[in-house]
1. Taking segment 1-39 on its own, how many of its residues are open to solvent by less than 40 Å² (accessible area, probe 1.4 Å), at pLDDT 80 or above and assigned to a loop (DSSP other than H, G, I, E, B)?
2. Could you tell me which residue of segment 42-76 is modelled with the lowest pLDDT, considering only residues that are under 17 Å from Ile6 (Cβ atoms) and open to solvent by 100 Å² or more (accessible area, probe 1.4 Å)?
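The values are calculated or read from the model by the stated rules, or taken from the named source; none is laboratory data. Everything numeric in this text was worked out from a predicted model, so none of it was measured. All Cβ positions, glycine included, derive from the backbone under ideal geometry; neighbour counts span all protein chains shown. Ligands, DNA and RNA are stripped out before the accessible areas are found, and what is left, the full protein with its side chains, is counted by its heavy atoms. Shrake-Rupley method; radii C 1.70, N 1.55, O 1.52, S 1.80 Å.
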Amino acid sequence: MKWINIRKKKPNHGQHCLICAGSTVTAAKADANSFRDGVIWWDGCGFSGYEWSYDFPNEQVTHWMPLPPPYSFPEE
């Protein structure tokens, strides 16, 4: 997968993705109320589900990419 410039294309509402904000790369979900007033709200994705909520100004998050589908264990 390749990084997508957020100025060219924004993630869908509720989409899980990796975001790049300067030297920070983290997994996040685009909130259903995203993209209002030029600010995108992100919900953090972590090992225990909901981790944090933060608004990164558009100039901070420069790129994103969708997360791959979760691994599913084969049935034995």
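1. So the answer is 3.
2. Once the filter is applied, the top-ranked residue is Tyr54.
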